[in-house]
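Below you'll find the structure, written out as structure tokens, and then a few comments.
Read-outs throughout are calculated quantities, based only on the coordinates presented, and are distinct from any laboratory measurement. These figures come from a predicted structure and were not determined experimentally. Cβ sites come from the backbone with ideal geometry, for glycine too, and all protein chains shown count toward neighbours.
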Amino acid sequence: MIRHLFKLIWNRKKSNFLLMTEIFFCFLVLFGVMSLVVYNVRNYTKPLGFEHDNVWLLTMRPSADSAALNHQKLEQVVQQVRAYPEVSHAALTNSNAPFAFSQMTDNLSYGNKRSSQADHYEVDDDYEDVLQVQLSQGRWFGPEDNAAHHKPIVINREMQRQLFGEEEPLGKLIPQNDSVNYQVVGIVDHFRGYSEYSAERPAFFTRISLQQSDKSFWGELLIRVKPGTGVAFEEKMVQEISGIGKDWTLEVATLEKMRQNKSKLTMVPMIALGLVCGFLILNVALGLFGVLWYNISRRNGEIGLRRALGASANQVYRQFIGEVLVLATFGLLLGVAFAVQFPLLQVFEVESVVYFLALGISVVVIYILVVGCALYPSRQAATIHPAIALHEE
Amino acid sequence: MITLKNIEKVYQTKTIETVALHNVNLHIPKGEFVSVMGPSGCGKSTLLNIMGLLDEPTNGIVEIDGNPISRYRDKELAHIRNQKIGFVFQSYHLINDLSVLDNVELPLLYRSGTSAAETRRLALTALEKVGLSARTKHYPTQLSGGQRQRVAIARALIGQPEIILADEPTGNLDSVMGEEIMNILLDLNRQDGTTIVMVTHDENMAQKTERLIRFFDGQQVSDAKTNAYDYQKV
């Protein structure tokens with residue numbers, strides 16, 4: 001019967017061409033949206049590598065005072081913040097704090113291997129405690145690094161994979177420039193600071209030492225507050241810091257709020273695309289339903305004939321569902337041939353599994369869609385009285 | 001083989017009630033070639049549909065091989081149609097998108113246990129029987145009316161049915177083609193012992209069959225053996 005259906009649809013390919021084309025384009029759009037959704041969902045379910053609950057970000061814009069004076073005030077601010085009983089830990093960082101709309105990337109080389117656009121985080125010794133970063137090997141930065149001959153560096157697994165492969169990275173030297181080397185002191189499994197929906201990228205952390213760089217200024221202070229700490233403390237803290245850094249611009253935001261804002265950046269286009277795709281699918285479904293109904297009603301004579309030749313009502317029903325599935329298969333074969341190029345050609349450097357998952361979901365959705373559209377017309381076809389159907393012909 | 005007892009068929013619409021068949025009693029024994037004649041609208045095709053289990057009588061009993069069909073469900077009726085009955089229609093009812101061979105194979109699609117190779121072999125045999133072996137790959141639209149009707153007969157034959165129900169099989173054909181089709185049906189009846197019930201408007205064709213039943217206004221008005229058939233038989 002399956003061979004018969006394929007033959008029937010193939011012989012009617014001219015009249016079915018538009019339907020197949022519609023299914024093909026519907027599949028492509030669905031595949032595109034599904035790829036995006038699968039990519040984001042997969043990333044979302046992966047560990048971030050840090051805890052952002054109860055973490056605030058204090059952003060400080062210094063005044064036009066001298067760099068040394070601002071540096072001195074910054075040291076006072078850090079001491080002041082760490083002294084609050086409401087604060088567990090506080091750590092300086094550069095502008096690319098987690099969920100910030102700012103990135104700092106750099107390339108590092110080890111031997112003949114080179115990392116691709118790694119995220120560079122400048123952080124101080126308390127960063128590990130503030131964000132509760134989980135080290136899988138080695139250690140975080142500490143006072144012992146003050147006297148270190150090489151600059152300490154902590155890298156993530158992705159960075160390790162790119163630079164060292166299977167080689168043990170701890171203790172290895174990575175040149176920063178001709179005269180200065182980084183030395184790997186620790187490894188974290190994950191760190192996705194840019195967004196919950198972003199893929200794991202190579203990343204590394206270098207150390208900020210206020211004592212060792214007396215003119216530098218880092219304008220972001222990550223603060224882990226104790227649970228239940230609220231707006232009242234925020235007001236008090238800002239007021240007191242304003243007393244130290246007069247004319248400084250201060251801004252406090254929770255990482256949770258920043259996470260939500262960053263999520264919107266991904267979710268809004270995804271929802272918009274999803275709506276467009278949903279609308280398209282609805283249109284395709286209505287079109288399919290109409291065309292199938294029309295086609296089936298045009299084939300009353302054939303239905304009557306098949307009943308006369310021994311087809312039961314159920315077999316007629318299954319035949320029409322089968323025809324629609326075959327029709328969809330022709331459209332999908334074309335679509336899959338096109339879509340499969342994405343993982344094969346590694347388009348957008350997205351993992352192949354994302355494309356294959358999107359492809360599988362899209363195929364299933366299209367089959368469900370066409371079967372859903374064919375159920376009622378097929379049921380109608382099955383209930384046609386054979387004598388009447390033959391008489392109509 | 002087929003027995004009809006007190007058959008009545010009434011078509012009911014909101015405003016009109018049309019009696020298509022009234023008090024029809026018939027018995028068609030195995031191996032008989034029966035023709036049914038009557039003016040248009042007298043209920044001939046309705047009778048054939050009821051005999052072919054395509055339609056149900058409003059009242060009365062239809063028996064196939066002594067079994068009343070009213071107890072059967074749709075699936076069982078379909079099975080009987082597939083196993084025992086072959087249909088030939090005036091307008092051929094071929095599927096234009098399928099080749100001659102594929103059209104002939106259709107009944108066996110609904111019969112489980114027949115392999116594709118066996119189906120192909122039976123289809124070729126059926127086409128050979130009707131003299132269309134050379135047209136297997138043609139499509140119905142590439143054939144003449146007579147050839148199309150032969151394909152329809154081959155399709156009716158492929159399942160080796162005990163009964164063939166032919167609804168004006170020569171109605172759309174000229175006299176020469178009609179004669180050819182009639183001869184094929186006569187051969188089937190004589191050589192294979194197939195029971196044939198044929199609805200026709202053509203008195204000459206009807207006279208070639210063994211028994212002629214006449215209908216008028218939904219009622220059976222005569223039922224008699226024909227002389228011509230007896231003569232040919234002798």
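I want the antiparallel fraction of DSSP beta bridges within the protein assembly as shown, as a percent rounded to 5. The partial results should precede the final answer.
Details: 52 of 80 bridges.
The answer is about 65 percent antiparallel.
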Treating the angle as unsigned and between 0 and 90°, give the value, to the nearest 10°, between the Cα long axis of helix A:13-45 and the longest Cα principal axis of chain A. 20 degrees
Expressed in angstrom and rounded, the centroid-to-centroid distance over alpha carbons for the range A:325-378 and the range A:240-266 is 44 Å
Pairwise Lys count, the range B:2-233 - Cα closer than 21 Å, eight or more residues apart or different chains: 20
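Counting pairs of Cα atoms in the protein assembly as shown, how many percent are more than 50 Å apart? It would help to have the intermediate numbers written out before the result.
Details: 88216 of 196251 pairs.
Cα-Cα pairs in the protein assembly as shown separated by more than 50 Å: 45 percent.
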With labels modelled as points extended 7 Å from the Cα through the Cβ direction, what inter-label distance (nm, one decimal) is found for A:Leu69 paired with A:Thr45? 5.6 nm
Ranking B:Gln219, B:Thr125, B:Ala20 by how far each Cα lies towards the positive end of the charge dipole of chain B (+1 on Lys and Arg Cβ, -1 on Asp and Glu Cβ), the top one is B:Thr125
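Quick check on the exposure proxy: order B:Thr58, B:Thr119 from fewest to most C-beta atoms within 10 angstrom. Spell out each step's value before the answer.
Details: B:Thr58 15, B:Thr119 19.
By the 10 Å Cβ count, ascending, the order reads B:Thr58, B:Thr119.
Determine the calculated [θ] at 222 nm for chain A from helices alone, applying -39500 (n - 2.57) to every DSSP H run no shorter than 4 residues and normalising by the residue count; nearest 500 deg cm²/dmol.
Value at 222 nm, helices only: -18000 deg cm²/dmol.
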Most exposed first by the Cβ proxy, i.e. fewest other Cβ within 10 Å, how do A:Trp10, A:Trp218 rank? A:Trp10, A:Trp218
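If you take the beta carbon distance between A:Leu28 and B:Asn25 as r and set R0 to 60 Å, what does 1/(1 + (r/R0)^6) give as a FRET efficiency, to the nearest 0.05? The partial results should precede the final answer.
On the way: r = 65 Å, r/R0 = 1.08.
That gives a FRET efficiency of 0.40.
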Relative to the compact globular guide of 2.2 N^0.38 Å, what is the alpha carbon radius of gyration of the range A:48-198, as a ratio? 1.11
For the protein assembly as shown, with only Lys/Arg (+1) and Asp/Glu (-1) charged at the beta-carbon, what is the dipole magnitude about the Cα centre, in debye rounded to 20? 1920 debye
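So which chymotrypsin sites (Phe, Trp or Tyr not before Pro) in the range A:285-335 pass both tests, a DSSP loop state and at most 16 other Cβ atoms within 10 Å of the Cβ? Show your work: numbers first, answer last.
Details: sites: A:Phe289, A:Trp293, A:Tyr294, A:Tyr317, A:Phe320, A:Phe330; in loops: none.
Here no chymotrypsin sites (Phe, Trp or Tyr not before Pro) fit, given the DSSP loop and packing criteria.
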Quick one: Cα centre-to-centre distance for the range A:10-58 and the range A:139-177, in angstrom? 37 Å
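At most 16 other Cβ atoms within 10 Å and a DSSP loop assignment: could you name the trypsin sites (Lys or Arg not before Pro) in the range B:17-119 that fit? Don't skip to the answer; put the middle values down first.
Values: sites: B:Lys30, B:Lys44, B:Arg71, B:Arg73, B:Lys75, B:Arg81, B:Lys84, B:Arg111; in loops: B:Lys30, B:Arg73, B:Arg111.
Sparse-neighbourhood loop trypsin sites (Lys or Arg not before Pro): B:Lys30, B:Arg73, B:Arg111.
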Environment charge at A:Ala203 (Cβ cut-off 13 Å; Lys +1, Arg +1, Asp -1, Glu -1): -2
Name the residue, out of A:Glu128, A:Glu351, A:Glu158, whose mean-square fluctuation peaks in a Gaussian network model built on chain A with Cα pairs under 10 Å. A:Glu351
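Per 0.36 nm of contour for each residue apart, how much would the distance between B:Ile61 and B:Ser91 grow if the chain were fully extended, relative to their Cα-Cα spacing?
Values: separation 30, 0.36 × 30 = 10.80 nm, distance 2.90 nm.
Length gained, B:Ile61 through B:Ser91: 7.9 nm.
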How far is helix A:255-298 tilted off the main Cα axis of chain A, in degrees rounded to 10, range 0 to 90? 10 degrees
DSSP loop trypsin sites (Lys or Arg not before Pro) in the range A:242-351 with at most 10 other Cβ atoms within 10 Å of their Cβ, which ones? A:Lys246
Quick one: helix B:74-84 against the long Cα principal axis of chain B, what's the angle to the nearest 10°, folded into 0 to 90? 60 degrees
With springs only between Cα atoms under 10 Å apart, run a GNM on chain A and tell me which of A:Pro175, A:Pro47, A:Pro85 wobbles the most. A:Pro85
Setting aside same-chain residues fewer than 8 positions from A:Lys7, which aspartates and glutamates have a Cα under 15 Å from its Cα? A:Glu323, B:Asp97, B:Asp102, B:Glu105
Counting all Cα-Cα pairs in the range B:2-233, those more than 25 Å apart amount in percent to 41 percent
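Please average, across the residues of B:42-53, the number of beta carbons from any other chain that are within 10 Å of each residue's own beta carbon, and give a whole number. If you can, show how the numbers build up before the last one.
Numbers: counts 0, 0, 0, 3, 2, 0, 1, 7, 1, 0, 4, 4.
So the per-residue partner count for this stretch is 2.
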Evaluate the charge dipole of the range B:2-233 about its Cα centre and quote only its size in Debye, nearest 20, assuming +1 on the Cβ of each Lys and Arg and -1 on the Cβ of each Asp and Glu. 440 debye
